[in-house]
1. Does the stretch 139-159 contain at least one residue that is open to solvent by 40 Å² or more (accessible area, probe 1.4 Å), within 31 Å of the chain's Cα centre (by Cα) and modelled with pLDDT of 90 or more?
2. Would you pick out the residues in the stretch 53-73 that are at pLDDT 75 or above and open to solvent by 70 Å² or more (accessible area, probe 1.4 Å)?
3. Scan the stretch 69-84 and report the pairs whose first residue is of a type in the set (Val, Ile, Thr) and whose second residue is loosely packed, with under 14 Cβ neighbours inside 10 Å and part of a strand (DSSP E or B), with Cβ atoms within less than 6 Å and a gap of 6+ or a chain change.
4. Quick one: GLY120 ticks every box in (1) at pLDDT 85 or above; (2) closer than 30 Å to SER210 by Cβ bar one, so which box is it?
Amino acid sequence: SAMFAAQSRFPGDRIVLTAGYRRERIDNNNAALGGERLPSSTNLWVTRPHVFDDATAASFSGATKTFGAVVMPLPWLGFSYNQSESAFPQSNFTDIHDRLLVPSKGEGRDYSMRLNLLGGRLYVNLSTYRNIGHDQFHDVTSNTVRGQGIPALNTILTTLVRTGQPLPGSLAALGINQVGTSKYRETVTSDGRGNEIEVTGRLAPGWSLS
């Protein structure tokens, strides 16, 4: 990963600008499961515990960009704005087919107005924001899925292997015949927005109430 940040101040600190950039890259070599699973609930394998020669390899990169500004037209009145766009590689999170999830993209905006009244004895901040996250991994390895669904699926796959029947095309193409219990299946989009009001009063030297 690599990053840089910058800040500029204009005369009298009435305008402050900030900017940042960060880029991350992840290279993932993912070993595929192989061999024949032993009966019962054991995790032992008869042959070839892992197949590295046909391991899937993928690389993802993403950048986070931010920009912000604070403007003080009057000593007691200020406005601020901040925006960010991001794309984070999702580590080694994979779907049920052992494929890496695509980078999660996000965007955010927030605006605020600040008032400093009564000679600094009353501070008011009004703000609104919205944050959106795309393709965020959703952990579906709940007790039900991990404890019942995935083992049942692996039993079916084992039966297909033992009886010489073809595996589902999506698994065969990846060279795997079992699904790990730690796999993530889905991605979700989150959309958060809200408004905030903060009021702080200085009652006496050393005492404030918010």
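The values are calculated or read from the model by the stated rules, or taken from the named source; none is laboratory data. The structure displayed is predicted, hence computed values, not measured ones. Cβ placement follows ideal geometry from the backbone for every residue including glycine, while neighbour counts extend to all protein chains displayed. Protein only, heavy atoms only, side chains kept; ligands, DNA and RNA dropped before computing areas. Shrake-Rupley method; radii C 1.70, N 1.55, O 1.52, S 1.80 Å.
1. Going residue by residue through the stretch 139-159, those that are open to solvent by 40 Å² or more (accessible area, probe 1.4 Å) are 139, 142-144, 146-148, 151-153, 155-156, 159.
Now restrict to residues that are within 31 Å of the chain's Cα centre (by Cα): 139, 142-144, 146-148, 151-153.
Now narrow it down to the ones that are modelled with pLDDT of 90 or more: none.
No: the stretch 139-159 contains no residue that is open to solvent by 40 Å² or more (accessible area, probe 1.4 Å), within 31 Å of the chain's Cα centre (by Cα) and modelled with pLDDT of 90 or more.
2. Across the stretch 53-73, the qualifying residues are LYS65, PHE67.
3. Pairs that qualify, where the first residue is of a type in the set (Val, Ile, Thr) and the partner is loosely packed, with under 14 Cβ neighbours inside 10 Å and part of a strand (DSSP E or B), are VAL71/PHE79.
4. Looking at each condition in turn, GLY120 falls short on (1).
Residues are listed down the side, and each one gets a yes or a no for (1) loosely packed, with under 13 Cβ neighbours inside 10 Å; (2) at pLDDT 90 or above:
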{"site": "ALA5", "(1), (2)": "yes, no"}
{"site": "VAL51", "(1), (2)": "no, no"}
{"site": "GLU85", "(1), (2)": "no, yes"}
{"site": "PHE88", "(1), (2)": "no, no"}
